[in-house]
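The values are calculated or read from the model by the stated rules, or taken from the named source; none is laboratory data. These numbers come from a predicted model, not from an experiment. Note that we place each Cβ from the backbone using ideal geometry, even for glycine, and neighbour counts take in every protein chain shown. SASA here: full protein model, heavy atoms, side chains in, ligands and nucleic acids out. Shrake-Rupley method; radii C 1.70, N 1.55, O 1.52, S 1.80 Å.
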Amino acid sequence: MEAQDGAVTIYNSGAVADPKIKNPYSLKVGLAQMLRGGAIVEVTNPDQAKLAEEAGACSVIVSDPPHSSRGGILRMSDPSLVKDIKRAVSIPVMARSRVGHFVEAQILEAIGVDYVDESEYLAFADEDHYINKHNFRCPFVCGAETLGDALRRIREGAAVIRTQGDLSGSGNVAQTVRNVRSIMGQIRMLNNMDDDEVFKFSKSIAAPYDLVAQTKQMGRLPVVQFASGGIVTPADVGLMMQLGCDGVFIGSDVFGSPDPYKRVRGIVDAVGNYNDPDVLVETSSGLAGLMAGMSLGEDRIEGFVRGGV
């Protein structure tokens, strides 16, 4: 147990008690657990959000339409778009804020989003400081490429870790695989360490010792871990899940296929049946004609909105 800035943190039960905050950290982590075993689909309008919900997505994340221009700086989505999408669906709605931009997060919380994604897809508002997520009622999603990244974001109050890969929207899953394997490999190393080695390891990855110790005890990250970046087929989904992730983020480019419902439904089924080759065969069959535009060439990447997961 640790007292820090007026908050009492009990990491073996995942609780953070602070009288100024209405929702304790334990509640946020519990809410995030409801996403486990699901697919989160990026959407740019209410119709896409409805389709994603009908196809079985556990949540949607709002992104600006590809044609919108912000002069090279990507910021949080228009609050009116977020509200329209919230009215259209009954599943949780996520929206992105820039890293470190706590006022954007305050605005998103004020309009009732279910989760805020402090996202490196957007421009960095603060290059040195992430948002203190304990100051908010809603749970936060944060990206990470290493175990140290993930545990630092958890210390700041993240309830969901998004293991991040390719940011360009190229459809290349290799970087995501590398980062997921890196985190899982570090956790396996940690499981084989004695207590003295854990102290040294926590310093080497610049992560809080108590969270490192909890990760060792649990044999996994203390919060839900999703994979994001280049995941476009049911086979990609099965790969991420078998590597140890709890779910996946899917980009809005799935809606560019001739039958987006079939694509999203196939991905959702793959998340729930990632260890069943027969189901993966079924969900992967007949997708050749639906894959147009999913793996982008270099000539198309430049014009692709970085918001594509």
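Evaluate the distance, in nm, between pseudo-label points positioned 7 Å from the Cα of Q217 and of K83 along their respective Cα→Cβ axes.
About 4.4 nm, to one decimal.
Got the relative contact order for segment 62-196 handy, in percent, Cα pairs under 8 Å and 6 or more residues apart?
Result for segment 62-196 is 17 percent.
In Å³ and rounded to a whole number, note down the convex hull volume per residue for the Cα atoms of segment 144-188.
66 Å³
Restricting the calculation to Cα positions, tell me the Rg (one decimal) and the Dmax (whole number) of segment 91-168 in Å.
11.5, 34
Average the reciprocal distances over every distinct pair of alpha-carbons in segment 81-130, invert the result, and give the Kirkwood radius in Å.
Every distinct Cα pair counted, the radius reaches 11.2 Å.
Using protein chains only and a probe of 1.4 angstrom, how many square angstrom of F201 are accessible, to the nearest 10?
20 Å²
Percentage of Cα-Cα pair distances in segment 54-210 greater than 29 Å, rounded to whole percent?
Percent of Cα pairs beyond 29 Å in segment 54-210: 24.
Heads up, I need the accessible area for R178: 1.4 angstrom probe, whole protein in place, Å², nearest 10.
Surface open to solvent at R178 totals about 140 Å².
Expressed as a rounded percentage, what relative contact order does segment 163-229 have, with Cα pairs under 8 Å and six or more residues apart?
Relative CO of segment 163-229 lands at 46 percent.
Report the Cα-based extents of segment 162-274 along its three principal axes, largest first, to the nearest Å.
Computed over the Cα atoms, the extents are 56, 28, 17 Å.
Greater than 19 Å separation of Cα atoms is the criterion. Which listed pairs, K50/K86; K50/K262; K28/K203, meet it?
Violating the 19 Å Cα-Cα cut-off are K28/K203.
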